[in-house]
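The next block holds one structure in the form of structure tokens; read it before the comments.
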Amino acid sequence: AALEAAPTQAVALLSVEPSAANRSVRLTAEGRDAKAMLAYLGALQRDTRLAQVVLIAHQVQLQSPGTPVRFQIQAQWATEP
């Protein structure tokens with residue numbers, strides 16, 4: 001639900017790799033630009049269902065039209081109070 005709530009108009013989610021054992025998820029996505037990437041990251045960081053949301057890698061796709069940014073985010077599932 002947290003991933004569906006994040007704005008994705010300028011971001012395409014390419015893969016979702018959950019790890020139940022670690023209570024974490026790794027996302028690979030592509031944003032129109034760095035601003036879109038940071039907006040998506042910020043939305044996930046503000047969602048209380050996730051914790052420790054961090055950008056772990058990013059790369060500008062110079063060969064692609066518009067030079068989109070491909071990036072990876074890792075997050076923990078927040079614990080219930």
Considering only strands (runs of 3 or more DSSP E) wholly within region 23-81, the ones with at least 1 residues that are charged (D, E, K, R) and either closer than 15 Å to E4 by Cα or open to solvent by less than 70 Å² (accessible area, probe 1.4 Å) (or both) are 24-31
Quick one: would you say A20 is open to solvent by less than 100 Å² (accessible area, probe 1.4 Å) and in contact (Cβ under 8 Å) with a residue 12 or more places away in the chain? no
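The values are calculated or read from the model by the stated rules, or taken from the named source; none is laboratory data. Keep in mind the model is a prediction, meaning the values are calculated, not measured. Cβ sites come from the backbone with ideal geometry, for glycine too, and all protein chains shown count toward neighbours. Calculation scope for accessible area: heavy atoms of the full protein, side chains included, ligands and nucleic acids excluded. Shrake-Rupley method; radii C 1.70, N 1.55, O 1.52, S 1.80 Å.
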